[in-house]
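Engineer: Quick one: the structure is below, questions incoming.
The values are calculated or read from the model by the stated rules, or taken from the named source; none is laboratory data. Quick caveat: nothing in here was measured; it's all calculated off a predicted structure. Here Cβ is always computed from backbone atoms with ideal geometry, including for glycine, and neighbour counts include all displayed protein chains. Only protein heavy atoms, including side chains, enter the accessible area calculation; ligands, DNA and RNA are left aside. Shrake-Rupley method; radii C 1.70, N 1.55, O 1.52, S 1.80 Å.
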Amino acid sequence: MNSRTIRFTAVLFALAVLSTPAQARSPQQGEDLTELDLEQLMDLEVEVTSATRRAQPLADVPGAIFVLTNEDLRRSGADSLPEALRLVPGMQVARLDANRWAVTARGFNDQFSNKLLILIDGRTVYTPLFSGVFWEALDVPIDDIERIEVIRGPGAVMWGSNAVNGVISVITRSAHDTKGGFARLEGGTEQLVGGTLRYGAEIAPGADWRVWARGFERASSELDGAAGVDDWNQTRAGFRVDWRAGEHDAFTFQGDTHRTRFGTAFIDMLATAPYAVVDDITTNVDGAYALGRWTRSGDSAQSTVQVYVDESKRMFPQFGEERHTVDLDFQRSFAPAARHALVWGFGARHSDGAITRESFRLSFADDHRSESLLSAFVQDEYELVPNALALTVGAKLEHDNFTALEFQPNMRLMWKASEHQRLWASAARAVRRPSWAERDVRVTQSVIPGALDTYVVLTGNDEVSVETLYAFELGYRAEIDDRTSFDATAFYFAYDNLVVNVLGTPFLQGANVVQPVNFENAGDATSNGLELFIERRVDDATTVAGSLSLLDLDDSGRVARSGAPEAQGFLSGTHAWSQEWTTSAWLGWVAGLGNGDVPAYTRLDLRTEWRPTSDVRVWCGVQGLFHDDQREFADTLFVATREVRTAVFAGMSWGH
């Protein structure tokens, strides 16, 4: 047992030893929870589900959780999920070009960030190809989102591997809440045109449905004043049915299909001169999914069964992949004894991937790979002192057909210091499973001309194993008065067995020399940080908020860290001039990245809305003021990043 494991065990024990020896109003019937800010959410005891897989008041969650409501999203003017995540303290969001982003929490940001888990209505949307998310293929109609729950820090007990640095859970509105017609039309200098149509109705008492369609066309970005080729368009259509069958049973059936096309300034490699070129390529992505969920609720227990199937096809000149996934999840929550709240469950997932196109730049040793994952978890919350001190202990077991059985424990302590104050601490172990690329990929990174040309090739390693995180967090949240809320989180993360690039032994291949750069579990790192958020409701018409996030990441030079700003923050505010007119502003600042290739930048977003009736909204705004012609990220392995331009936009919607 190494020293880090010993320290981790000691902290778990200390939490257990320390753990042995507030009031808020409830939501009113008919109250629109989508139009509440964080302070109101805390005051209302609005329930969140992502942290513990059971409904729990936001204020009582022993973890760093933040909620974006539907109204937050509307007021921001964000036209994509990554842009909306800029509103969350501690989230690192950087735009690469008109259709790609690097998104993570608490460090290790990259185009292929692999330590953040994304869920949409409980469906995992990361790809085993590189253990990350293709953001350009994701889109959820903003008006159909009920809320986004963002957990900063590990969520492995509830959600498994890849929930290392954080979990983002997008929860859409029930069909019960979207009856009637809805239309949205918007346009501007960046999103040239976009629109959503939706209609919902009652099938029978307790059963409702909706269908919807959405599409958009985005303009290309610029680099050094020249227009790029990274334009982006998407069409998507979907449905949802919700049925309350009696007092105890509820059923959901939903799905969508999409077609996405986007351009990229792709950094390509050739076997002959000029060896390296930037190609203007087009990628086509098609996908569809269907999900079914059954929930049975009793007086003090609830069981849920969820099944989904997901298919995707990605194709561009240098590479192509098809993927088919089936996932089953079961969970049950109940109170086995007084002062206990127990949740347990199990899951199974099978994902089948096939490489359909390869090139000199990008290929795989094995063009087909199937992954089967089995998991089980249990977590118990015990009130050591009723309504004052609660201890949560849980663990998850996971096994797939490539790595060993993994044990991911978690212990959390929540102290209700007073009616409006919470102090919490946690210790957890989380793992990230190696991706298909890390095991099988062949990426030609460069060609060195000579008597014998040398190909520098990033090479997968079938022996790589899981990366491990030992995480320790301390948090405090409070309602300072009836108008001010405050949230603070400090953390220390220690990473073991990080997958890094290690220079291998050169060898001859025909008339060329191959210099392999192998993936190996040879890295480690530590990080510590502080995340602060405060919100003040100045009066009934004005709300202001501010956030500051600090990060110190030490990787001993073995792990790329250019995507992790050491400091970032924002100020935001909303003012209602009248019942019809509202203006929102967001001012963000991000420290420079890496070795100075991306300097610090500031951006200001403004949006004004006119709401003449409860069903009609008209708005206009500007994004990226003070930020014109500024890159947010350095060039990645495949993408030549572009400058972010100031954009203006306008739109209107009818319905709810």
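Engineer: Compute the accessible area per residue over the chain, keeping the other protein chains in place, probe 1.4 Å, unit Å².
Structural biologist: With all protein chains present, the chain gives 39 Å² per residue.
Engineer: I need two numbers for the chain: Rg to one decimal and Dmax as a whole number, Cα atoms only, in Å.
Structural biologist: Expressed in Å, the Cα Rg and Dmax of the chain come to 24.5, 79.
Engineer: If the only charges are +1 at each Lys and Arg Cβ and -1 at each Asp and Glu Cβ, what is the size of the charge dipole of the range 54-122 around the Cα centre, to the nearest 20 debye?
Structural biologist: 140 debye
Engineer: Return the carbon/sulfur percentage of the accessible area of the chain, one whole number, probe 1.4 Å, all protein chains in place.
Structural biologist: 58 percent
Engineer: Compare the Cα positions of ASN284, VAL307, GLN234 along the charge dipole of the range 226-385 (+1 at Cβ of Lys, Arg; -1 at Cβ of Asp, Glu; about the Cα centre) and return the one farthest towards the positive end.
Structural biologist: VAL307
Engineer: Could you order VAL590, VAL343 so the one with the most accessible surface comes first? Probe is 1.4 Å.
Structural biologist: VAL590, VAL343
Engineer: Do the sum for the chain: with -39,500 (n - 2.57) for every DSSP H run of n ≥ 4, divided by all residues, what is the mean residue ellipticity at 222 nm, to the nearest 500 deg cm²/dmol?
Structural biologist: -1500 deg cm²/dmol
Engineer: Please report the equivalent ellipsoid semi-axes of the range 331-378, computed as sqrt(5 x eigenvalue) of the Cα gyration tensor, largest first, in whole Å.
Structural biologist: 44, 9, 7
Engineer: In the range 440-599, with Lys and Arg counted as +1 and Asp and Glu as -1 at Cβ, which of these residues, ILE480, ALA525, THR505, has the Cα nearest the positive end of the dipole, that is, farthest along it?
Structural biologist: So the residue we want is THR505.
Engineer: Right, here's the next one. Which listed residue (PRO386, SER169, PRO599) has the Cα farthest towards the positive end of the charge dipole for the chain, taking +1 on Lys and Arg C-beta and -1 on Asp and Glu C-beta about the Cα centre?
Structural biologist: Comparing the listed Cα positions along the dipole, PRO386 ranks first.
Engineer: While we're on this one: Considering only C-alpha atoms, what is the centroid distance from the range 350-379 to the range 270-288, in Å?
Structural biologist: So the separation of the two Cα centres works out to 22 Å.
Engineer: I need the Kirkwood Rh of the range 493-621: take the reciprocal of the average 1/r across all distinct C-alpha pairs and report it in angstrom.
Structural biologist: For the range 493-621, inverting the mean 1/r across all distinct Cα pairs yields 19.1 Å.
Engineer: With the contact rule set at Cα under 8 Å and sequence spacing of 6 or more, what percent relative contact order holds for the range 470-559?
Structural biologist: 27 percent
Engineer: Just to confirm my numbers, what's the Cα centroid distance between the range 580-656 and the range 472-500 in Å?
Structural biologist: So the two Cα centres are separated by 27 Å.
Engineer: Ratio to report: Rg/Rh of the range 122-234, with Cα atoms as the point set and Rh obtained by the Kirkwood method; give two decimals.
Structural biologist: Rg/Rh for the range 122-234 comes to 1.06.
Engineer: Suppose every Lys and Arg Cβ carries +1 and every Asp and Glu Cβ carries -1, with no other charges. What dipole size does the chain come out with about its Cα centre, to the nearest 20 debye?
Structural biologist: Charge dipole of the chain: 740 debye, to the nearest 20.
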